[in-house]
1. Among (1) touching a residue at least 40 places away in the same chain (Cβ under 8 Å); (2) in a strand (DSSP E or B); (3) surrounded by 19 or more Cβ atoms within 10 Å (Cβ to Cβ), there is one condition B:Ile29 misses while meeting the rest; what is its number?
2. Kindly indicate whether A:Thr70 is of a type outside the set (Asp, Glu) and part of a strand (DSSP E or B).
3. Does the range B:78-86 contain any residue that is modelled with pLDDT under 95, at the interface with chain A (Cβ under 10 Å from one of its Cβ atoms) and either within 15 Å of the chain's Cα centre (by Cα) or under 29 Å from A:His47 (Cα atoms) (or both)?
4. Confirm whether A:Val66 is hydrophobic (A, V, I, L, M, F, W, C), more than 11 Å from every other protein chain (Cβ to nearest Cβ) and surrounded by fewer than 16 Cβ atoms within 10 Å (Cβ to Cβ).
5. For A:Ala24, all conditions in the list (1) within 14 Å of chain B (Cβ to nearest Cβ); (2) buried (at least 18 other Cβ atoms within 10 Å of the Cβ) hold save one; what is the number of the exception?
6. Scan the range A:73-111 residue by residue and report those that are in a strand (DSSP E or B) and among the hydrophobic types (A, V, I, L, M, F, W, C).
7. Looking at the range B:39-72, which of the residues that are among the β-branched types (Val, Ile, Thr), out of contact with any Leu (no Cβ under 6 Å at 6 or more places or on another chain) and part of a strand (DSSP E or B) is farthest from A:Tyr35 (Cα to Cα)?
Amino acid sequence: NAGVTQTPKFQVLKTGQSMTLQCAQDMNHEYMSWYRQDPGMGLRLIHYSVGAGITDQGEVPNGYNVSRSTTEDFPLRLLSAAPSQTSVYFCASSRPREGYTFGSGTRLTVV
Amino acid sequence: SQQGEEDPQALSIQEGENATMNCSYKTSINNLQWYRQNSGRGLVHLILIRSNEREKHSGRLRVTLDTSKKSSSLLITASRAADTASYFCAPTNQAGTALIFGKGTTLSVSS
């Protein structure tokens with residue numbers, strides 16, 4: 001009963017580096033989403049997916065790529081990290097039109 | 001944007017009192033969800049109310065939805081210190097495929 005697993009929990013990147021934040025769920029949920037949370041801003045939707053092979057942009061997609069090759073995994077790629085991408089990133093999953101289960105987050109710092 | 005907007009931004013009460021948080025949104029929804037976040041942790045799903053429902057209860061939680069006014073409220077009765085957290089309203093898009101969060105209400109319950 002792992003739920004939603006995010007790795008790594010903490011990461012420091014240099015400006016311009018690329019990396020992938022991993023998200024995996026073991027609940028056979030069709031829907032998966034990525035959010036970023038900044039102080040005073042609540043959570044903002046980056047990208048989401050309604051099933052394998054289907055992704056869509058959220059509120060703040062620029063600078064991020066996603067893919068959904070399997071139901072279980074939904075990685076988030078930062079192509080060229082910028083200090084503005086310093087944030088806490090949350091992945092979440094759900095069955096259609098049900099409540100979401102959130103991961104514990106990845107705290108990313110870009111220097 | 002479909003973003004939910006919570007009111008008030010912060011709320012301080014004594015144990016045993018009731019806490020009411022309000023949420024407004026802008027466009028048609030499939031459902032509206034409420035989440036709790038303890039400091040530095042992931043979000044926990046509290047309750048989901050569908051667009052054709054007007055009221056829903058879960059333990060000490062009561063949620064109302066008025067689609068004509070595009071508003072919802074969350075009532076926590078007989079608050080406890082353990083209820084201290086941030087509470088977020090998250091209306092879905094009309095297809096129900098993604099949640100858009102507001103900035104949240106920070107609730108402090110003192111003993």
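1. Here B:Ile29 meets the rest and fails (2).
2. no
3. No: zero hits.
4. Criteria not met by A:Val66.
5. (1)
6. Restricting attention to the range A:73-111, the residues satisfying the condition of being in a strand (DSSP E or B) are A:73, A:76-78, A:87-94, A:101-102, A:106-110.
Passing the criteria: A:Leu76, A:Leu78, A:Val88, A:Phe90, A:Cys91, A:Ala92, A:Phe102, A:Leu108, A:Val110.
7. So in the range B:39-72, the residues among the β-branched types (Val, Ile, Thr) come out as B:44, B:47, B:49, B:63-64, B:67.
Add one more test, that the residue is out of contact with any Leu (no Cβ under 6 Å at 6 or more places or on another chain), and what stays is B:44, B:64, B:67.
Those still in the list that are part of a strand (DSSP E or B) too: B:44, B:64.
Values: B:Val44: 14, B:Thr64: 26 Å.
Selected residue: B:Thr64.
Okay, residues lined up against (1) surrounded by fewer than 19 Cβ atoms within 10 Å (Cβ to Cβ); (2) within 11 Å of chain A (Cβ to nearest Cβ); (3) polar (S, T, N, Q); (4) out of contact with any helix residue (DSSP H, G or I) (no Cβ under 8 Å at 6 or more places or on another chain):
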| site | (1), (2), (3), (4) |
| --- | --- |
| B:Gln14 | yes, no, yes, yes |
| B:Tyr35 | no, yes, no, yes |
| B:Ser39 | yes, no, yes, yes |
| B:Val44 | yes, yes, no, yes |
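The values are calculated or read from the model by the stated rules, or taken from the named source; none is laboratory data. Predicted model only: the values in this text are computed from it and were never measured. No Cβ is skipped: glycine too gets one built from the backbone with ideal geometry, and neighbour counts run over all protein chains shown.
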